[in-house]
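Colleague: Questions regarding the structure given below will be posed in turn.
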Amino acid sequence: MGKNLLLSVFLLFLSSICTFAQQRTVSGRVTASADGSPLPGVNVVIKGTATGTATDADGRFTLTVGNSGDVLIFSFIGFINKEVTVGQQSTVDVSLDEDATQLSEVVVTGYGVTPKRELTGAVSSVRGEALRNMPVQSFDRALQGQAAGVQVLSANGVPGGAVNVRIRGLGSITAGNEPLYIVDGVQLNNRNDGGGTVSNNPLAFLNPNDIESIDVLKDAANASIYGSQAANGVVIITTKKGKSGQKTRFDLNYYKGFVEPMPTLRMLNTQELFQVRKEARLTANPSLTEDQVRQAVLADFGFPTTLTEQDIAALPTYDWQKESFKTGTIDNLELSMSGGNDATTFYASMAYNGQDASLINIDFKRLGGKLNLTHKINSKVSTEIGLNVSSITQRGPYGDARGTTAFGAPQYASPLILPFNPIYDPSESSGFFGLPASGDVIVGDLSQNVIANANYIKSKGLTNQFVGNLAVNYKIIDGLTFRVFGGLDYRNLRSEFYGDPRLSDYFNIKGTQTTGNNVNSNLQGNATLTYNKTFAAVHNASALVGFEYREEINEGNSFTGRSFPTPDFSTPNAAAIPFAVGGFWTGFKRAGFFGNFKYDYNKKYILSVTMRYDGSSRFGSDSQYGFFPSISGAWNLTEENFMKGAEFVSDLRLRAGIGTTGNDQIGNFDSRSLYGLGGVYGGVTGIGPSQMGNADLRWERNQTTNIGVDYGFFGNRISGSVEVFQRLSKDLLLAQSLPQTSGFNSITKNVGEVKNEGLEFELRTINLDRNGFKWTSNFNITFLRNEVVSLFDGLQVLPGNLAIRVGYPLGTNINNPYAGVNPANGRPMHYDINGNLTYLRVAADQVPMGHQNFSDMFGGFTNTLTYKGIEFSFFFQYDYGRTVANVQHFRMADLGGVPRNSRYSFFEERWTTPGQITSVPRPALNRTEIASTISSYQTTARFYEDASFIRLKQVTLAYNLPQNILGRLKISNARIYAQAINLITWTKWTGYDPEFQDTGNGTEGIIPQTRNYTFGIQVGF
Amino acid sequence: MKKIYSLSLLTSLLVFASCESILEIDPRQSIDSSQALKTPEGITANLANIYSNLKSTLLYGRDFVATAEALADNARIINRAGGRYVQQGANAPNNHFGNWATAYNVINQINILLEALPSANITDSFRDSVEGQIRALRALFYFDLMRAYAYEPGMAPSPSVDFGGVPLFLTGVLDPSQIELKSRATQAEVYSQMYADLNVAITKAPTAGGPTYVTRAFAFALYSKVALYNRDFDNAESYATQALALKGNLSTNASYVADWRQRVHPESLFEVTFTTDSETIGVNESVQSAFTTRIALPPSTTLGGWGAVVPTSAYLSLFPVGDVRRTLYENGLNRSGSIVIECTKFLGKTGTVYMDNIPVMRTSELHLIRAEARLRKAAPDENAARADVNVIAQRAGLAPYDNTVVGAALLNAIYLQRQLELGWEGDRWFDMKRRGLGLTKSTGNVPYDDYRILAPIPIREIQSNPNLKQNANY
């Protein structure tokens, strides 16, 4: 031993003497070509030797080379290798290009990661950069148009409000269609508990800028490992982590901006309103003289009947919409810190985000902190810790943010209030016109001063949320790892509503205050064992087995007090009358075993089998457990010899998979026969049968088939993927209508089948890359078809919901087709079931309208242009195929029939003279013609509109300061940027905005989207 | 390492062994059906739930009072409740009663409870008291279903539109296998079932507890009203007499208005009772709000409800000068630019705005039922009939009908007193219908042979039960 050592030292010594004569030193700095930032840890090796070094924190290196012919190889993960011949130079400065394909190389696929090249299922990945600095409060909103097959529509324009995410269509009728969200391994509760008070997006707890990547598992090949929760797809969010070997880095980011409302609707002015009201009166009673009509209308509107036409012409018009929709502000400030060494890495951030809605006194404020920590205890044991704490304060609207017909809600009422009603009254101490104490009355159906409502009502939601995870990995032997993971998602939502006693709704009850608490505790843990082994250098096998348990308890209480001494007192203790108490408790449990077995031959042929045996407390005692398997494979064609000649093909991979996933998004206790709390009588709380049980209630199953191709040409200058899929949802959970004579309304059963079929296409191109100018595009499109395949008992139409019928897509619009106006008399007509014209609408005449509230084509298109630190990008989002009844028009087409204002477009097109061809009937009092069979004006059939849109969703202009300036300022990177959101929209929709989700209230009173403009600066030290 | 292997093996074994129990979780707001009706507490709570359904806006909380008035001819509608009652006021198709689902839900609860009573762990007197109450209530729910959805026995305008009564369910349903798809029973079958239930109720219902709960007096009173609708005048008279014997107190002329201001009307045999503030129906749908803009009598000028369903001038002109009942109609407040005369029978008398008890039957009505029955029975007794109607007329401050008022004139006098006495209590629509009369309205007449006399059976019922026939023209 000693002898050998001596020999080695001698040889080493000898060799150094031998090379001494020729050696010299080369030094330099390695930077990233994109932003000129230094790259630490880059390997610098002399080609053909083992001699090399790594760059320091500043990107600098020094290396001894032999001769001028030596070639240096610079390599770094995520960047394209570069070779430089040393020549005579003593300084070698190098800038490395990012490798776009390598960056997204690893995909998080549930309980582990998979290299993208080994993927067998359909996964869309979005890098955090794509979401960077979007002025949105939750990441789901930032996902819009970014991933094929993923449709994201905001339900409304409330900041931090609900968003609907649909992956590959609608697979369920009454169980949920929401995907499973997992943040750093923690399965989230994504139920919106804000209800009517605030629109509370459960995903808003996470600062989108903390996100490293989002991976969307779209088919069963990968998703079936989440078994019962995966039917609607799985969205896996990975947050940023520190990197080892990195100098501690600070990033400061600040942006500020403003929120601009969408254009308001042109409503009738006072004089136009008088005109149509007169016509409506004449429709009811054609024999009235001009004076009689005028006097009747003056009386209708609360004016002295002595006013003349000249007086009426001089009446003012007040714009209530303009007072309701206002410009707001956006503020965002973040500080993050990351770094690490071989044993420990960390990422920590603190952030504040505040944004107003375009409607007065609705806003969102979030203060949050995040910490990700990894630590290697020894060579066998390592831990991961993640903590996210956030506190969100929202001021909510009056009425439900998801749509309301509350007369006191500005978003609903402001266009409809009769326009001669003043808004303000300087002689009142409140400054508002028409509050009950003043004795003045706001004339019309909409008799509340909604601007006073918005100013005086205190509607607030405070969400405190903690999401944390802890994992311990134990490397038992090489290739075999045991991992224990625990996660907690705890949320406390406190809501407050104060109805101010000065307002008409609360004047008689002297004010009301409701405080509610909603606590959700979502606890989970899993244990997994993974094993990897390579046999004979080409056979790679891996296995994962695990067990998981999840339990969620949701409970809450609320109390309401009434009768407050003055409006200055709004806390519960000031209420003279303890009015009502409420409370609830509910929960569920899930448990399951899962496994994944994978084999590949030299990365050329890949086979993967995934399965889960899963149980849920929500199902009947006879069928609590279900089995969800999948099998999938991939073939990397570029590994084949016959492809070696085709140099232009850089990547070609075929994938196919089939499998099942489950859906248990139904009520927690839907399978049981229950006596629940009922009404109160005589001071006794009643109980009564609340639910008919179904012990056979079982999983809703999705059977998905997916075939995909990943392609890359010309060194991946053109790359992307194409996917064809079918998703067959069987055993649909459905509230089957029962004859109400049974005493029950419905029972949850497994009935029916729905099919979704589609084609997804993703294309990434580098269009131009010359002289520092680079233009890249990213395009995706999804075509979707949806059809109800069967219902129970051979039924063709679902009783109680005529829109669900075999052979038609979900969301089919059903109505009495509108036949326009009878040119002879101006009365609206419909077609009956035989296609004959009728004045009378009856339910039996309702037929499918041939269109549906379901998008069949959607996607996004991003272009990024960069030139020497200047970056310009614009992003289009588009959504096609939705036809929705513009229910807002339902109330805006009365044309004086009822005391509400109407929209000008209906005024222009209304029937006035015999023979006129139009779709807008003559004005009619109370919306009805006097006849025993009334031709109803109240029909949504008139108001179907195409809600398709293309939207210039995002425009960003950024400038990265050059290194020579940064060096002087001792900062490593700096970026200033400006952004505009929702800048231009092309649509046929005539309401405020085509992006909304119809959640049952139609499209009425939805707080519309906004245009946002932000300016910001980001500095790294 | 061995430790870890054995630990994970142990965990797996434990988990496997308890696959069922690991998912065990029980609701805390509900209990299993089989446990619910075993104790006096459970039965009391279920009984409260049965009663509470009467407060529904589909029943006495609104429709059987306010909507009934809107459909009939005493009222006109001012469109100032955001369009509410306008369609009902114009008798637009499909704007009608909708008590179907609520009624059958309660009937099922009653059926289940009737089956549970014999084996429940309760005293016999409690058992009888509950049975008497719920049998009377079952009769009431069937009676209201019949009034809304079917013609009275023998009163169909033509056989072609007579689809009978309503389906008759007498056994409880708790399980899908117990669901029956029944067709409509005949009117006679439904009435004989109401008689059967009331026959038990008049012996078993408690004597105390009124008017919040069903008493024996109310069972008799309901029996007399059901018999009147069945044109079974002998029984109508006899049961009215028995009801009056148990509770015969009448308001006086002096107390007439004041009695309408009390939380509990002293004449009520049964009134749907609202107890705590949180039971208020609110400004949009309450009876008070439908009828008046006021929240209190003058001099208060505080604007409250919508005041959409208001008396026509023709109705007000029916009141003779000096009729104390006319005092209950007075000017409302300015709402949407108009001030009109409104009915003030419901003014938030519980002390909570928009919350009033709703009398289902008052002793005054018993006199009117008996007057009509005595006149229309096979052997009419005009003097006795006249005496009954004079109780009402004289109490109102009118001169009594004298011996010259006989036959059809006396019958019309009884009908007029009914119209005046029970105005804005939801009686008029049903009264005209049972007599086979249509309505004359400014918004368009509704003749008795018009299909809009009957309510449409919910379309989902027709779709989910092939044996169920829809009313004509719906």
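Colleague: Within the range A:795-837, track down each residue that is more than 30 Å from residue A:747 (Cα to Cα) and of a type in the set (Lys, Arg).
Modeller: A:827
Colleague: Find the residue count for the range B:32-46, including only residues that are exposed (fewer than 14 other Cβ atoms within 10 Å of the Cβ) and of a type in the set (Gly, Ala, Ser). Working first, answer last.
Modeller: Of all residues in the range B:32-46, those exposed (fewer than 14 other Cβ atoms within 10 Å of the Cβ) come to B:32, B:34-35, B:39, B:41.
After this cut, where a residue has to be of a type in the set (Gly, Ala, Ser) as well, the list is B:34.
Final tally of qualifying residues: 1.
Colleague: Just to be sure before I move on: is residue B:352 open to solvent by 10 Å² or more (accessible area, probe 1.4 Å), among the polar types (S, T, N, Q) and either under 23 Å from the mean Cα position of the chain (by Cα) or over 24 Å from residue B:225 (Cα atoms) (or both) in the structure I sent?
Modeller: Answer is yes for this residue.
Colleague: Right, next: So which residues in the range A:62-87 are touching a Ser or Thr at 6+ places or on another chain (Cβ under 6 Å) and more than 21 Å from residue A:41 (Cα to Cα)?
Modeller: Residue satisfying the conditions is A:87 alone.
Colleague: Next question, about the same structure. Among the residues of the range A:224-252, write down those that are more than 30 Å from residue A:151 (Cα to Cα) and within 29 Å of the chain's Cα centre (by Cα).
Modeller: Filtering the range A:224-252 for residues more than 30 Å from residue A:151 (Cα to Cα) gives A:242-252.
Scanning the range A:224-252 gives A:242, A:251, A:252.
Colleague: Mind listing just one residue for me: the one in the range B:153-193 that is of a type in the set (Ser, Thr, Tyr) and in contact (Cβ under 8 Å) with a residue 12 or more places away in the chain and, of those, surrounded by the most Cβ atoms within 10 Å (Cβ to Cβ)?
Modeller: Checked the range B:153-193; the qualifying residue surrounded by the most Cβ atoms within 10 Å (Cβ to Cβ) is B:191.
Colleague: Tell me, which helices (runs of 4 or more DSSP H) wholly within the range B:61-143 include 3 or more residues that are within 14 Å of chain A (Cβ to nearest Cβ), free of Cβ contacts under 8 Å to residues at least 60 places away in the same chain and of a type in the set (A, V, I, L, M)? Give the steps one after another, and end with the answer.
Modeller: Working: elements: B:68-71, B:86-89, B:100-116.
Result: B:100-116.
Colleague: Anything in the range A:742-769 that is among the hydroxyl-bearing types (Ser, Thr, Tyr), open to solvent by 10 Å² or more (accessible area, probe 1.4 Å) and more than 30 Å from residue A:864 (Cβ to Cβ)? List them, or say none.
Modeller: Once the filter is applied, which keeps residues that are among the hydroxyl-bearing types (Ser, Thr, Tyr), open to solvent by 10 Å² or more (accessible area, probe 1.4 Å) and more than 30 Å from residue A:864 (Cβ to Cβ), the range A:742-769 yields A:746, A:748.
Colleague: If a residue must be of a type in the set (Lys, Arg), over 30 Å from residue A:640 (Cα atoms) and either part of a strand (DSSP E or B) or within 7 Å of chain B (Cβ to nearest Cβ) (or both), how many such residues does the range A:581-625 contain?
Modeller: 3
Colleague: Restricted to the range A:684-735, and to residues that are aliphatic (A, V, I, L, M) and in a loop (DSSP other than H, G, I, E, B), which residue is nearest to the chain's Cα centre (by Cα)?
Modeller: A:732
Colleague: Still on this model: In the range A:413-428, how many are open to solvent by 10 Å² or more (accessible area, probe 1.4 Å) and either without any contact (Cβ under 8 Å) to a residue 40 or more places away in the chain or among the hydroxyl-bearing types (Ser, Thr, Tyr) (or both)?
Modeller: Residues that pass the stated criteria total 5.
Colleague: Follow-up. In the range B:301-318, how many residues are touching a strand residue (DSSP E or B) at 6+ places or on another chain (Cβ under 7 Å) and farther than 23 Å from residue B:83 by Cα?
Modeller: Looking only at that region, the number is 1.
Colleague: Only residues that are outside any strand (DSSP E or B), touching a residue at least 24 places away in the same chain (Cβ under 8 Å) and buried (at least 21 other Cβ atoms within 10 Å of the Cβ): list them for the range A:506-521, please.
Modeller: Selection gives A:509, A:511.
Colleague: Say we look at the range B:234-260 and pick out the residues that are out of contact with any helix residue (DSSP H, G or I) (no Cβ under 7 Å at 6 or more places or on another chain) and hydrophobic (A, V, I, L, M, F, W, C); which of these is nearest to residue B:345 (Cα to Cα)?
Modeller: B:258
Colleague: Related question: If I filter the range B:176-185 for residues that are over 20 Å from residue B:415 (Cα atoms) and in contact with a helix residue (DSSP H, G or I) (Cβ under 6 Å, 6 or more places away or on another chain), do I get at least one hit?
Modeller: yes
Colleague: With the checklist (1) of a type outside the set (A, V, I, L, M, F, W, C); (2) surrounded by 24 or more Cβ atoms within 10 Å (Cβ to Cβ); (3) outside any strand (DSSP E or B) in hand, flag the one item residue A:388 doesn't pass.
Modeller: With respect to (1) of a type outside the set (A, V, I, L, M, F, W, C); (2) surrounded by 24 or more Cβ atoms within 10 Å (Cβ to Cβ); (3) outside any strand (DSSP E or B), residue A:388 is out only on (3).
Colleague: Within the range A:314-337, identify whether any single residue is closer than 30 Å to residue A:480 by Cα, more than 24 Å from the chain's Cα centre (by Cα) and open to solvent by less than 40 Å² (accessible area, probe 1.4 Å), and answer yes or no. Don't jump to the end; show me each part of the working.
Modeller: Initially, the range A:314-337 is screened for residues closer than 30 Å to residue A:480 by Cα, giving none.
Looking for residues that are closer than 30 Å to residue A:480 by Cα, more than 24 Å from the chain's Cα centre (by Cα) and open to solvent by less than 40 Å² (accessible area, probe 1.4 Å), one finds none in the range A:314-337, hence no.
Colleague: Any idea how many residues of the range B:67-108 are open to solvent by 10 Å² or more (accessible area, probe 1.4 Å) and of a type in the set (Val, Ile, Thr)?
Modeller: Residues that pass the stated criteria total 4.
Colleague: When residues of the range A:891-914 are filtered for being outside any loop (DSSP other than H, G, I, E, B) and in contact with a helix residue (DSSP H, G or I) (Cβ under 6 Å, 6 or more places away or on another chain), how many remain?
Modeller: Within the range A:891-914, residues that are outside any loop (DSSP other than H, G, I, E, B) and in contact with a helix residue (DSSP H, G or I) (Cβ under 6 Å, 6 or more places away or on another chain) number 1.
Colleague: Another question, if that's okay. Could you please tell me which pairs satisfy a Cβ distance under 9 Å, a separation of 6+ or placement on different chains, a first residue in the range A:522-538 that is more than 14 Å from chain B (Cβ to nearest Cβ), and a second residue that is assigned to a strand (DSSP E or B) and surrounded by fewer than 14 Cβ atoms within 10 Å (Cβ to Cβ)?
Modeller: Listed by first residue and then by second, the contacts come to A:533/A:539; A:538/A:601.
Colleague: Residues being open to solvent by 50 Å² or more (accessible area, probe 1.4 Å) and either in contact with a strand residue (DSSP E or B) (Cβ under 9 Å, 6 or more places away or on another chain) or farther than 30 Å from residue B:110 by Cβ (or both): count how many of those fall in the range A:657-691.
Modeller: 6
The values are calculated or read from the model by the stated rules, or taken from the named source; none is laboratory data. As the structure is a computational prediction, the values presented were derived from the model and not from experiment. A quick note on method: Cβ atoms are made from the backbone with ideal geometry, for glycine too, and the neighbour counts reach across all protein chains shown. Each accessible area value is taken on the protein alone, full model and side chains, heavy atoms only, with ligands, DNA and RNA left out. Shrake-Rupley method; radii C 1.70, N 1.55, O 1.52, S 1.80 Å.
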